[in-house]
Amino acid sequence: MYNEQIKKTVLSFMVFCGVGTFGMVALKAQQKDSSNPPPAVSERLPLDPLTPEENVSAERLARNDERVKKLLGEGEVRLVSVETLALKPGSREPLDRLERRAEVVLFRPVGEIGVRIVVNLQRQAVEDVKRVSASDVPMTVDDLRDAFQLALHDPQFQQAFGSSAQTYQVQIQLDDSKAVQAVGNSVTGLPVRSRKQDDPCSRHRCIELFFRRGRDFLSEPTVVVDLSAKFVYLGERKRK
C-alpha cells in the first residue's frame with residue numbers, strides 16, 4: 001500500500017544516510033581527480049570541504065591515538081563521520097589564524113561507545129578526545145543494515161513478510177547528488193527517539209524501518225528495531 005507521507009519522510013532520511021541526520025550517514029562514493037589535485041592543507045581555507053586525502057588522514061590519526069584506543073577498547077570500531085571543524089573547542093584563536101581541523105566520530109557497536117576526536121590537519125595531531133553518549137552518535141548505513149538483519153531473524157517479521165522478506169535490500173545513497181541505489185524491493189529507515197520515559201526508545205538507539213516495493217511504500221506493518229536491546233517491535237512498542 002502506497003503512503004505518500006512515509007515516502008516524503010524517508011526521502012528526507014536519505015540525507016541522513018550522509019553520516020548527516022539516519023543521522024542516515026549516507027554511504028558516499030568519493031572519486032579522485034588526478035588531473036586536478038587538491039591544494040595542500042596550508043593553501044586551503046579553514047572551512048573548505050575536506051579532500052579524500054584529508055578524510056583518510058584524519059581517520060588514521062584518530063584511530064591511532066592512544067586515548068581513543070583506550071576508550072574504544074577491542075572489537076569492531078566504525079567510522080561515523082569526518083567533518084570540517086572551524087574551531088577547536090574552547091579555543092580563542094583569531095579568525096585569520098584558524099588552522100584546518102577535522103572532527104572525527106568513531107563508534108563501537110559492542111557496548112555502544114562513541115568517541116569524538118578533533119584532529120589538527122596542519123599539524124597532523126589529535127588535539128581533543130571526548131567520549132559521547134551513544135544516543136548522540138548519528139546513525140549510519142551500518143546501523144540500518146544491523147537493524148534489517150535483526151528484523152530478518154525475528155519470527156513475527158518472518159510471518160508478516162513471508163518469503164518476500166529476503167527480496168529486500170538496504171537502500172543507500174551513492175554520492176553527493178543524492179542519487180540512490182536502484183533496487184526492486186528496498187528498505188530504509190529513520191532514527192526513533194521517544195519522549196516517553198517508559199518507552200525503551202527514549203534511552204536506546206532505535207530505528208523504524210520502511211519497506212518499498214518499486215515506487216510504493218508499505219504502510220504496514222510498522223517495524224521498529226531497538227539496536228541497543230537487539231529487539232524487534234511489530235506494531236506499537238511495548239512499554240517496559
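Here is a yes/no grid of residues against (1) part of a strand (DSSP E or B); (2) modelled with pLDDT under 95; (3) at positive phi:
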site: PHE148; (1), (2), (3): no, no, no
site: ALA151; (1), (2), (3): no, no, no
site: GLN156; (1), (2), (3): no, yes, no
site: ALA165; (1), (2), (3): no, yes, no
site: GLN169; (1), (2), (3): yes, yes, no
site: SER177; (1), (2), (3): no, yes, no
site: VAL187; (1), (2), (3): yes, yes, no
site: GLU236; (1), (2), (3): no, yes, no
site: ARG239; (1), (2), (3): no, yes, no
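Restricting attention to region 87-101, does a residue exist that is modelled with pLDDT of 90 or more and outside any helix (DSSP H, G or I)?
yes
For region 103-115, indicate whether the set of residues that are surrounded by fewer than 22 Cβ atoms within 10 Å (Cβ to Cβ), under 23 Å from the mean Cα position of the chain (by Cα), over 29 Å from ASP48 (Cα atoms) and not assigned by TED's automatic domain parsing to the domain that holds GLU83 is non-empty.
No, every residue in region 103-115 fails to be surrounded by fewer than 22 Cβ atoms within 10 Å (Cβ to Cβ), under 23 Å from the mean Cα position of the chain (by Cα), over 29 Å from ASP48 (Cα atoms) and not assigned by TED's automatic domain parsing to the domain that holds GLU83.
Out of the residues in region 144-161 that are aliphatic (A, V, I, L, M) and more than 18 Å from CYS201 (Cβ to Cβ), which is farthest from the chain's Cα centre (by Cα)?
Taking region 144-161 and keeping what is aliphatic (A, V, I, L, M), we get 144, 147, 150-152, 160.
Adding the requirement that they be more than 18 Å from CYS201 (Cβ to Cβ) leaves 152, 160.
Values: LEU152: 21, ALA160: 28 Å.
Out of the qualifying residues, it is ALA160.
Name the residue that is modelled with the lowest pLDDT, counting only residues in region 51-84 that are in a strand (DSSP E or B) and of a type in the set (D, E, K, R).
Residues of region 51-84 in a strand (DSSP E or B): 78-84.
Filter once more, so that each one left must be of a type in the set (D, E, K, R): 78, 83.
Numbers: ARG78: 97, GLU83: 94.
Here the residue is GLU83.
The values are calculated or read from the model by the stated rules, or taken from the named source; none is laboratory data. Bear in mind the structure is a predicted one, so any value in this text is a computation, not a measurement. We place every Cβ from the backbone using ideal geometry, glycine too, and count neighbours over all the protein chains shown.
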